[in-house]
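Enquirer: Next up is a structure, given as structure tokens.
The values are calculated or read from the model by the stated rules, or taken from the named source; none is laboratory data. This structure is a prediction, so every number in the text was calculated from the model and none was measured. Counting neighbours? That spans all protein chains shown, and the Cβs are built from the backbone with ideal geometry, glycine included.
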Amino acid sequence: MKLKINNLKDNDKILWKKMPCTCNKGNVMESHPIKTCLHCKYEICENSMPRDSFTIMETVFDKNNKPTDKTIKKEIKEITIVRGSHDDIIGWEF
Ligand SMILES: [Zn+2]
């Protein structure tokens with residue numbers, strides 16, 4: 001199932017997409033991640049973001065709000081992107 005993603009931005013409003021890749025492609029020593037390139041770093045973050053709904057195991061709390069040993073499966077159908085100062089994806093909340 002397709003994931004509902006909040007805080008999406010158009011590509012032309014995303015700062016890091018305007019920052020050029022500084023890798024020397026073909027030379028691994030002068031490319032990300034050996035040589036830090038923010039463009040490539042942020043691109044990897046973006047590509048790692050889920051696009052489809054996914055399942056997590058959630059701890060069950062007892063009536064005193066204490067965590068138990070039990071877990072239940074929970075399907076995540078909606079996330080909200082958390083962005084850094086270059087509009088880069090630093091995480092997502094659900
Ligand atoms: Zn790069």
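Enquirer: Inspect all residues belonging to segment 18-30 and state whether any of them is within 24 Å of the chain's Cα centre (by Cα), touching a residue at least 60 places away in the same chain (Cβ under 8 Å) and under 30 Å from Asn6 (Cβ atoms). Working first, answer last.
Expert: Here is the first cut: in segment 18-30, the ones within 24 Å of the chain's Cα centre (by Cα) are 18-23.
Now narrow it down to the ones that are touching a residue at least 60 places away in the same chain (Cβ under 8 Å): 19.
Retained after the next criterion (residues that are under 30 Å from Asn6 (Cβ atoms)): 19.
Checking segment 18-30: at least one residue is within 24 Å of the chain's Cα centre (by Cα), touching a residue at least 60 places away in the same chain (Cβ under 8 Å) and under 30 Å from Asn6 (Cβ atoms).
Enquirer: Would you please name the residue that is surrounded by the fewest Cβ atoms within 10 Å (Cβ to Cβ), looking only at residues in segment 13-67 that are charged (D, E, K, R) and in a loop (DSSP other than H, G, I, E, B)? Let's see the steps before the verdict.
Expert: So the first thing to find is which residues in segment 13-67 are charged (D, E, K, R), and the list is 13, 17-18, 25, 30, 35, 41, 43, 46, 51-52, 58, 62-63, 66.
When the remaining residues are screened for being in a loop (DSSP other than H, G, I, E, B), the result is 25, 35, 51, 62-63, 66.
Working: Lys25: 8, Lys35: 14, Arg51: 9, Asp62: 9, Lys63: 5, Lys66: 7.
Ranking the qualifying residues of segment 13-67, first place goes to Lys63.
Enquirer: Pairs needed: first member in segment 51-80, over 25 Å from Ile5 (Cα atoms); second member anywhere, of a type in the set (A, V, I, L, M, F, W, C) and modelled with pLDDT under 95; C-beta distance under 6 Å; at least 6 residues apart or different chains.
Expert: none
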